Each structure stands twice: as structure tokens, then as C-alpha cells.
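Before any comments, here is the structure.
The values are calculated or read from the model by the stated rules, or taken from the named source; none is laboratory data. Small disclaimer: the values here were computed from a predicted structure and weren't measured. Cβ sites come from the backbone with ideal geometry, for glycine too, and all protein chains shown count toward neighbours. Areas reflect the complete protein model, heavy atoms only, side chains present, ligands, DNA and RNA absent. Shrake-Rupley method; radii C 1.70, N 1.55, O 1.52, S 1.80 Å.
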Amino acid sequence: MGKLGTAPALILFFVLILFFPAYTISAETISEINVVIDDNYPPYSFREKNGELVGISIDHWKLWEKKTGIKVNLEGMQWSSAFEKIDSGKADVIDSIFKTEERQKKYLFTQPYAVIEVPVFFHKDISGIRNLDSLHGFNIGVKKGDACIEVLKKDGITEMAEYTDYAEIIAEAAAGMIKVFCVDKPPAIYYLNKRKIEDDFKYSMNLYTGAFHRAVNKNRPGLLAVLEKGFKLISAAEYKKIEVAWRGSEIISRRELLVFLSLFVGLSLFVFMVFFVWNKSLKNEVDKKTKEIKKTLEELKLSENRFKAIFESSFDFIGLLSADGSMIDANKRSFDTFAGSFEGMKGIKIWDVPWWDANEFDTKQLKLGVSEASAGETFRYETNIRFSDGKDIKVDVSISPVMGFDGSVQMLVIEARDITEIIQAMEAVKTSEEKFRMLTEQQMMGIVIIKNEKVVFANKGFCELSGMEYKESQALTLAGFLAKLQDENGVLTEERFKECRHEITCNLMLRDNQGEAKWVAVNKKEIIFENSTATLVNIMEISQVIEVQKKLEQSVAELLKSNEELEKFAYVASHDLQEPLRMIYIYSELLIKKYGTQINSEGKEFLDNIMNGAIRLRQLIKDLLEYSRVGNKSKAEPFTDVDMNEVVQTCLLDMKSAIQESKITVNKGNLPVIRGAKTQMIRLMENLIGNAVKFTRRVKEPVIAVFAEKKGNEWEFCVKDNGIGIEEGYKEKIFEIFEKLHTQDEYEGTGIGLAVCRKIVTQHKGKIWVSSHAGEGASFYFTIADQQKI
């Protein structure tokens, strides 16, 4: 069909779009949600002694439940378990989560509600840690699933020890097992102070500053809207009340107190030394010697007190013996445990004290230990100690010599360290290994453990996938195992197999014993198996997934091609429509001029309506052309340095008459130079400032403000007015094409301007949104990256 034939149909199409608005999909209806959260993150979420889950975030959810009437089932757990719950669909929401690039692929995030500093802590004996490069070579303690793992790995740092929660990390640091660790600042300060080791660790850098969000799975945008709406119902005063209840008023920290005391003591010493120097000439040599002797005695007393404090505060059983094994002294722990006293044991042989079982083994070992220690050697063995209540514990006993200045043995030290929990832990590991074997056998996926280039374990799932018998699988070597797998180049090589790490899944072809080929997903990780390093390999059949993926890729390619053709059609059709519209307008105008006296008032009104409709439709087509140009790769304008001050000034000059006519006050801040398409920036500002002019013309004292603020790696621009404002329910709707909130008689426009704005901002990798209330004006915000790539 020719151009003249398609024109009436297209005119009817655009008229229908102009007068019939689109409808939005209703939000998700929810009566109950399940929320998971880290239960070891004070003061936001942690457990009290009675096990109750408390904290700032917990109170937020309680208030949210009260505000919305939606029941909240809140469950605290280890952070890695929380991810398993949300990923498996057993939880609707995960709280206290940082937004990262990887997590944005899986989740939708609410607005942030708390800013969290994430420092790297290190022992006070370590110096030189100032940046990420200085962390290389250290084994860094991290929590499983924590965002800092992703940050460290991006910088090539892989030496990390993963723990279940922050409390475990601080406990390991207190025990001296780790010297460097990454822990969010609030729980770090809490646990360091709780263990009274805050002075043993310091930090000189923030790894990064994150923000707490709540997140849902990416397929539930309706739930995210419900969450955001509910938290907006909580007032700033209510949030503040919760914050004060948990954080309280600021008080001076122990570190600050120590600094203050150090300065005070230093100043006092300085004054004392000045006085001492001044008075020194008046003192005779006897006074000087007397002071030196007194000082020496005080130091000896202090040294004795320090030794006694360490001696008495130890959790181990410690005793001092003479060279023949007689008791000289023992610490408080030794006597309290056995309800005895030093007076009753002084001078008796160590093998005769009531700490040991009455048996020949301990007597023989202790006598042997005293003999070897008296000769200058250290002796160790394991035995049982019996408490006064009859309870037995397992202990590691050592007897060591204390040497004098002349090299002779002055006395002996006996220590008995409780290793009951260690023994129990070893037994628990053995039980855990047995459970592991049972669980792996029940798994549907294939599980293989390779050690010393041999398959040492293969579960039932692997045997079924490969078509092998169990005994046959146990005889496989690494080479034989790889021979069953193929990548795009054929048989899988060891080099290619090394790339299939825990975080990188390889899609490979598995050929079973019957010759049938199956697509499988393979990943592996290093584990400790039977007290040495081994490789755990997970194999899952994904044949159906690969088939669906191929169909999806084909559909996406077809859809992209269709969208490109539609874009070209819209551009060409809109361009070709302008000529018929121009003819309609010109001939309607000629009719009025030439036959105006012969046409009655009703006919003139009809012609006026035709001309006005042609003008509006022409503007609509013009806006449609502009909309189709934005993002059109064939007509893409190159990015250059754009001075936004010049852009805004150009827009204000174009609107000068409308601004003066409405007596609008325009306040413009100092705007930055950004990297972008200048023509699109002008169009963006024309639309936003033009809207502000349009919707403030009925205000008594109209004011428009244009300003920008640097936030992180991007600029946030704002066009603010004190016009009629926007109702809450339309803040997203106004950015949709052809969406208008007012009739043509109230406010002119096509409903395309803000859609063009969003398309321009999106092309510049930014965001656009509005903050407004009906009758209180509107603030339109958009972001542009500080340095856009061309």
C-alpha cells in the first residue's frame, strides 16, 4: 500500500494513543513474609543471653509489621545460611545486605538504611598496612558470604580464612590465631571491647564503605514495592527513637581515655622532671643512691606482681617444684578446682598430690618428668585429672626447667592444660566425616573426590551419570576421569580443568559407558579430606538447561532484530506523517482566509479544531521522532566534554519569554563538565526546565532551582520547582511514554517529554526519579557518571 493509503490509518493510531492512556499492573498482594538476617551483627541484629533476637534492624521490622499489618516471620542465622534460604526460595527477604555487582544479578534492593564502614583490622605489632596492596601475603580472616571477599578478590588477594560469623573471627584474633581480619566496624568494636582486646588491634584504612539494604529475589519486584512502601510509613522520629535506644548517648571510649591519661601523665612527668633537675643540684650523693635503690626495689616488686598476676590468672593448672619434685607453690586455679589449699600440699611430691588418678602410670610418668626436667629437658605426656566432685578431664602435662644465671636448674614448672574440648572436637570431626559420606551418597548430583591424581571417592550420583559401577569408579585415575569429559576442543585437559574453580562453573559434555553424551555443570574446590588436601568435584546434569538456554538465545536475537525494525519503522512513519499534517493545516488555514465570510461560526469552529489537532499531532510526531532518535545507534551522537552551565543557559535563553511572562525566579548553581552527548543534554534540560515552567505558572511566587552535587563516582543533578506537585501513585507512571496527568486544556503536552528524559539518562548509564507531594512542588533528579566512556 502507498504512503497516501497508510496515512489515515496511522493518524487514527496516534489519535487513539493520544486519547486512551495505558494501564499499570497492580502490586503484589502479601499477608505474610519470611525474613532472614545475620544473628551476629550487633547492634543491628544479635542474640541476647536468653537467645532472643534483638537490635536496630529487628525493631525496624517490628514497626514495619505494625504499620503495614503484614505478619513478619523473622529468623536470625549464620550469614551463609541466610543466603541459602533466600536463594532456595524458603525466605522472601534478606536483611542487612550490601549491594554488590554480583548480588545485583540475583536480587532487587531497597533503598539503603544504614551506612557501614568496613575497615581492615590488624595487630598492633604489625605496621605498614595502608592500602590493599599492603595486604598481600597476610592470611586475612573473613566471614563466609561477606561482601569484603569480593572486594579482596578483585585486587588479587586470595589468602583468606573464612569463618561462620564475626564473633568467631574476634575469638580467633583474641587467641592469636589470626593477625589481620576484615570485619564491619559496628560488630568489630562491640566484640573487641567485649573481649577487652580493643587496645591490641588497630586500623588505618577503610576497605570500603557500604550500606545496609533489604533484598528480594529478582523475580519479585512487587514484593520490593511493598517493602519500600511499608518502610516509608515509618517516620524519621520513629527511626531516631530506635537508633537512640540502641546506641544511646556518646561517651568517651577507652582508647580516648587512655590517650587523655597518657597526655596527663606525660605532662605531669615533664613538670616533675623540670622540678627534679632544678632540685638535683641540692641533693647529695647519698640521696641519689637511696632513690636508685628504692627504684630498683619498686621495679622488682612490680615484676613480682606481674608474674603473680599472670601466674594466678591462668586457666591452666600451674605449679612450681623443687628439683626433686616437691611442691613449692601452685596457682589459685589448681587449688580451687580440687577444693584444697597450699598449706596442705606444700613440700609433698608432685605425684602424691590429689590431682591425678591413683595409678602407677601417672606416678611413673611424673617421676620420669621430674628427672628429665632436672637434667635441663622438657617432658610432656597426656593423662586425666580428677576434680573434687569426681569429674575427669583430659590434660596435656608438661614439666620444664627454670635455669639460673649460672646455667643450673633452679626450679621446675609443671603445667596441665585442659584439652578435653580438643579431644571432643577431634571425635566430632570423625563423626562429621561419617555423616558427610552418608549425605553425599544420597545426593542426586555427582560428587567425586580426587587426591594424589586418583579418585578416592565417588558417590552414587556420579556412578549413575557415568554409567559406571562403584568399584570401577574407585579405580579411576585423574586422567581416566578427565577422559570422560569434553569441552569445545575435545577431551578435557588438566589445564582447562584447573579453570573450573568453586566460583566458576564449567559447562562440559560427559560421555557415559553406553556412549550417551550429556551436558553437565562442573566446579571444584580444594578441601581437607582425611587430614590432607584433596579436590572436591561437583557434577550436575544440565542437558535440559542448555536446550532451554539455546532457545532463549534464539528468541532474544529475534526480539532484538524485531525491536530494531520497529524503531526504524517508527522513525520513517513519523517523518512521513509530517507532510500530510502540514497540508491539512495549510489548506484549513486557506479555507478560513478565502472562504471565511461564507463559512458559519460552527464551520469555523470545526476548522479551528482541525488546525489545533494538526498542531498537537505534529508536536506529537516531533516528540516521537526525538524519542526514536535517542538510542538509535545509526544516528548516535558521539560523547564529548559538555559544560552543563552552558546547556542550562541555552535552555533558559530559549524559554526567556515564558519565564518573564510568568515572573519566575530561576536559581542556578555551579554545574560540572560531564562526558556525554551535548544535544541530548540540551533536550533533557529543556524538558525538565520546561515542565517546571509549565507547572509553576499558576503559583503566586514561582521559583525554579537547578543544581548538582558530587556523590561518589557520579554527579546528581536536580531541577526543583514549587509548582503543583505530583501525587504519590504517579511518580513512576509519569516516565512512561504518552502518560499525562492532566487534560490538554489544563496543561498542554504530548506525554512524551519525560519518557525521552528517561531514555537519555539511561543511555548515559544514569538514573532518573522524582521526589514530590501534591501541592508542594517537585524535584526531578538524575545522575551522570563522573567520567563516561565514549
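Looking only at the range 760-774, which residues are polar (S, T, N, Q) and out of contact with any Ser or Thr (no Cβ under 7 Å at 6 or more places or on another chain)?
Within the range 760-774, THR762, GLN763 qualify.
Show the residue pairs that are 6+ apart or on different chains and have beta-carbon atoms under 6 Å apart, the first residue being within the range 81-95 and in contact (Cβ under 8 Å) with a residue 40 or more places away in the chain, the second being assigned to a helix (DSSP H, G or I).
Pairs that qualify, where the first residue is in contact (Cβ under 8 Å) with a residue 40 or more places away in the chain and the partner is assigned to a helix (DSSP H, G or I), are ALA91/LYS85; ILE94/ALA82; ILE94/ILE86; ASP95/SER57.
Taking the residues in the range 150-167 that are in contact (Cβ under 8 Å) with a residue 12 or more places away in the chain and part of a helix (DSSP H, G or I) as candidates, determine which candidate is surrounded by the most Cβ atoms within 10 Å (Cβ to Cβ).
TYR166
For the range 70-86, check the following and say yes or no: at least one residue is within 21 Å of the chain's Cα centre (by Cα), assigned by the TED database to the domain that holds TYR191, among the β-branched types (Val, Ile, Thr) and under 20 Å from PRO221 (Cα atoms).
Within the range 70-86, one or more residues are within 21 Å of the chain's Cα centre (by Cα), assigned by the TED database to the domain that holds TYR191, among the β-branched types (Val, Ile, Thr) and under 20 Å from PRO221 (Cα atoms).
Here are the criteria: (1) surrounded by 15 or more Cβ atoms within 10 Å (Cβ to Cβ); (2) more than 24 Å from GLU776 (Cβ to Cβ); (3) out of contact with any strand residue (DSSP E or B) (no Cβ under 7 Å at 6 or more places or on another chain). Tell me which single one ILE724 does not satisfy.
Looking at each condition in turn, ILE724 falls short on (2).
Going by the conditions given, is GLU65 more than 17 Å from the chain's Cα centre (by Cα) and without any contact (Cβ under 8 Å) to a residue 24 or more places away in the chain?
On the way: more than 17 Å from the chain's Cα centre (by Cα): yes; without any contact (Cβ under 8 Å) to a residue 24 or more places away in the chain: yes.
So GLU65 passes the test.
Cβ contacts < 9 Å: first residue without any contact (Cβ under 8 Å) to a residue 12 or more places away in the chain and surrounded by 17 or more Cβ atoms within 10 Å (Cβ to Cβ), restricted to the range 199-213; second residue not basic (Lys, Arg) and not in a strand (DSSP E or B), any location; separation 6+ or different chain. Result?
That search, which allows pairs on different chains as well, returns nothing.
How about the range 130-148: which of its residues are touching a residue at least 40 places away in the same chain (Cβ under 8 Å), surrounded by fewer than 19 Cβ atoms within 10 Å (Cβ to Cβ) and not small (Gly, Ala, Ser)?
If the condition is that a residue be touching a residue at least 40 places away in the same chain (Cβ under 8 Å), surrounded by fewer than 19 Cβ atoms within 10 Å (Cβ to Cβ) and not small (Gly, Ala, Ser), then ARG130, ASN131, LEU132, PHE138, ASN139, LYS144 are the ones that fit.
Can you confirm whether the range 81-92 contains a residue that is open to solvent by 10 Å² or more (accessible area, probe 1.4 Å) and of a type in the set (Phe, Trp, Tyr)?
Yes.
Filter the range 656-676 down to residues that are assigned to a loop (DSSP other than H, G, I, E, B) and out of contact with any strand residue (DSSP E or B) (no Cβ under 9 Å at 6 or more places or on another chain) and give me whichever is least open to solvent (accessible area, probe 1.4 Å).
SER662
Is it fair to say GLY230 is modelled with pLDDT under 70 and within 30 Å of GLY69 (Cα to Cα)?
No, not satisfied.
Are any residues in the range 108-129 within 30 Å of LYS229 (Cα to Cα), in a strand (DSSP E or B) and open to solvent by less than 50 Å² (accessible area, probe 1.4 Å), and if so, which ones?
Correct list: LEU108, PHE109, ALA114, ILE116, VAL118.
So if I check each of ASP357, ASP362, which one is modelled with pLDDT under 80, open to solvent by less than 40 Å² (accessible area, probe 1.4 Å) and charged (D, E, K, R)?
Going through ASP357, ASP362 in turn, the sole match is ASP357.
Identify all residues within the range 753-780 that are aromatic (Phe, Trp, Tyr) and surrounded by 23 or more Cβ atoms within 10 Å (Cβ to Cβ); write none if there are none.
Matches in the range 753-780: PHE780 only.
Among the residues of the range 59-80, which ones are part of a helix (DSSP H, G or I) and open to solvent by 40 Å² or more (accessible area, probe 1.4 Å)?
Those that are part of a helix (DSSP H, G or I) and open to solvent by 40 Å² or more (accessible area, probe 1.4 Å): ASP59, LYS62, GLU65, LYS66, LYS67, THR68.
Does the range 534-557 contain any residue that is loosely packed, with under 13 Cβ neighbours inside 10 Å and part of a strand (DSSP E or B)?
So far as the range 534-557 goes, no, none of its residues is loosely packed, with under 13 Cβ neighbours inside 10 Å and part of a strand (DSSP E or B).
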